[in-house]
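Everything on this sheet refers to the single structure shown next.
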Amino acid sequence: MTAPLIDPFQRRIEYLRLSVTDRCDFRCVYCMSENMTFLPKKELLTLEELDRLCSAFIRLGVRKLRITGGEPLVRRDILSFFRSISRHLETGSLDELTLTTNGSQLEKHATDLAAAGVRRINVSLDTLDEAKFAEITRWGRLPQVLRGLDAAQGAGLRVKLNAVALKGFNEDELLTLTQFCAARGMDLTWIEVMPMGDIGNENRLGQYWSLKDLRADLARHYTLTDLPHRTGGPARYVRLEETGQQIGFITPLSHNFCESCNRVRVTCTGTIYTCLGQEGHSDLRAPLRASEADAGLEDAIRAAIALKPKGHDFDYSRQQVDGQVSRHMSHTGG
Ligand code: SAM
Ligand code: SF4
C-alpha cells in the first residue's frame, strides 16, 4: 500500500493543479505583458509525460486534478490527454477532473470535455462589457466566450465564473455579473489581484479592490449567509438568499488560508511549486525522463512535498507590494 502524501505541517496533499501550456490566446493585463516570450516547445512535457506525471500523483493519493495554463484548451490535441486521464475516474482512483479556462475554445471542445468525464469547469470572465473585455484581455472577444458558456452549459457542464476584482474596472459590474450568473444558474467567485510576474506598466496597488469592500457592497443588495464548507484553498463562500447562488471570495492578500492548503501545482515543464506564493520549487522532469519506471519520479514528488512551506508572504498592508513572486500566474497556473 502506498503511503499518502503528507507535508511537514500534517497537511494531506490531495489536489494537483497542472498547467499544460504557458501559451494563451489572450493577454490579460494583470496576467501577462503584451509581448510575452513563451517557452520553446521542447521544454514542455509531452502529453504522454503529463499523463505519466498525473498518474504518479494519483497513485500517491491525489483525488482531484485541475488542468490549467496559460490557456489549457489551446494546447494541441489536449482532448486526447483528457480522454486518457479519464480512465482514473472510471477506476475510482480520481474523484474529479476539472479545468480552468478563459472560455475561448469551449464552443469547440465542451461536448468532448463532458464526454471525457469533466463535470464542472471554471471560466474566467471579468466583465460583460464588450469594450472593457477587449481592453482587459487585450486579444479576447466577449461574444466568443459567451458562445463558449452556452456550449458548456448545453453539454451539461456546471460552470463557475471567476472574476478578478479590479478597482475602477469592474466595481460597477458587481450586480450585473451577479445577476448574469444567477440567471444562468452559475456560481461566481471573486479573486483578489495577486502580485505575480512582471506585467509591464500596470500598477498592482492601483488594481487592488479588497474583497472586504466588495462583500460589503454585495451585502447592501443581498442577504449573505456564510457557508461552512472549505475546499482546502483560499476561497470562502456565501449564499445569496435571494438567488440561492454561491459567491466565493479568494483572498490570499487580506486573509490567510495556508493552514488548510491541500494542493500543489506543476508547470508544463514539470516543475512542482508547493506554494503559489513562494519561489521554492523542484524539478520533476529529470526524474520523469531518467527512467521508464516511476520509482524515481515518486521519490522526487515525496521529496518536494517534504519541502512544502507553511505559507505565503503576500502583503499589501504597508502600502507596498510585499512578497511578490517573479513568475507569471500563467506559468504556474491559477
Ligand atoms: N487561461 C485560463 C483562465 O484565464 O482561466 C487559466 C489560467 S489563468 C492564469 C487562471 C486564473 O488566474 C484566471 O482566473 C485569472 O483571472 C487568474 N489570474 C491571472 N493573473 C492573476 C493575478 N495577477 N491575480 C489574480 N488572479 C490572476
Ligand atoms: Fe491567458 Fe488566463 Fe492569463 Fe488571461 S488569465 S492571459 S486568459 S492565462
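The values are calculated or read from the model by the stated rules, or taken from the named source; none is laboratory data. None of these values were measured; they are calculated from a predicted model. Every residue, glycine among them, receives a Cβ derived from its backbone with ideal geometry; neighbour counts consider all protein chains shown. Please note that ligands, DNA and RNA were not included when accessible areas were found on the heavy atoms of the full protein model with its side chains. Shrake-Rupley method; radii C 1.70, N 1.55, O 1.52, S 1.80 Å.
Looking only at region 137-170, how many residues end up being in contact with an Asp or Glu (Cβ under 7 Å, 6 or more places away or on another chain), in a strand (DSSP E or B) and open to solvent by less than 20 Å² (accessible area, probe 1.4 Å)?
Selection size over region 137-170: 4.
Tell me which of these residue 21 doesn't satisfy, since it passes every other one: (1) at pLDDT below 95; (2) out of contact with any strand residue (DSSP E or B) (no Cβ under 9 Å at 6 or more places or on another chain).
So residue 21 meets the others, but not (1).
What are the residue pairs meeting all of these: first residue in region 119-136, first residue in a strand (DSSP E or B) and of a type in the set (D, E, K, R), second residue open to solvent by less than 30 Å² (accessible area, probe 1.4 Å) and more than 9 Å from ligand 1 (Cβ to nearest atom), Cβ atoms under 8 Å, and 6 or more apart or on different chains?
From region 119-136, the pairs are 120/98; 120/157; 120/159.
Restricting to region 290-310, what's the tally of residues that are in a helix (DSSP H, G or I), surrounded by fewer than 17 Cβ atoms within 10 Å (Cβ to Cβ) and in contact with a strand residue (DSSP E or B) (Cβ under 8 Å, 6 or more places away or on another chain)?
1
Could you tell me which residue of region 67-116 is farthest from ligand 1 (Cβ to nearest atom), considering only residues that are under 20 Å from the mean Cα position of the chain (by Cα) and of a type in the set (Gly, Ala, Ser)?
86
Can you tell me how many residues in region 1-40 are exposed (fewer than 11 other Cβ atoms within 10 Å of the Cβ) and either of a type in the set (Lys, Arg) or within 22 Å of residue 299 (Cα to Cα) (or both)?
Of the residues in region 1-40, 4 are exposed (fewer than 11 other Cβ atoms within 10 Å of the Cβ) and either of a type in the set (Lys, Arg) or within 22 Å of residue 299 (Cα to Cα) (or both).
Any chance you could count how many residues in region 74-86 are open to solvent by 10 Å² or more (accessible area, probe 1.4 Å) and within 16 Å of ligand 2 (Cβ to nearest atom)?
2
Testing residue 277 on (1) surrounded by fewer than 16 Cβ atoms within 10 Å (Cβ to Cβ); (2) more than 24 Å from residue 187 (Cβ to Cβ); (3) modelled with pLDDT under 95, one condition comes back false. Which one is that?
(1)
Looking at (1) in contact with a Leu (Cβ under 8 Å, 6 or more places away or on another chain); (2) crowded, with 19+ Cβ neighbours inside 10 Å; (3) of a type in the set (A, V, I, L, M), find the lone condition where residue 89 falls short.
So the condition that residue 89 fails would be (2).
If the Cβ limit is 8 Å and pairs must be 6+ apart or interchain, which residue in region 8-30 that is away from ligand 2 (no atom under 13 Å from the Cβ) pairs with which residue that is open to solvent by 30 Å² or more (accessible area, probe 1.4 Å) and among the β-branched types (Val, Ile, Thr)?
12/6; 13/6
Could you list, ordered by first residue, the pairs with Cβ atoms under 8 Å in which the first is in region 176-192 and touching a residue at least 60 places away in the same chain (Cβ under 8 Å) and within 22 Å of residue 207 (Cβ to Cβ) and the second is among the basic types (Lys, Arg) and open to solvent by 30 Å² or more (accessible area, probe 1.4 Å), at least 6 apart or interchain?
Here the result reads 188/160; 189/160, each pair linking region 176-192 to a residue that is among the basic types (Lys, Arg) and open to solvent by 30 Å² or more (accessible area, probe 1.4 Å).
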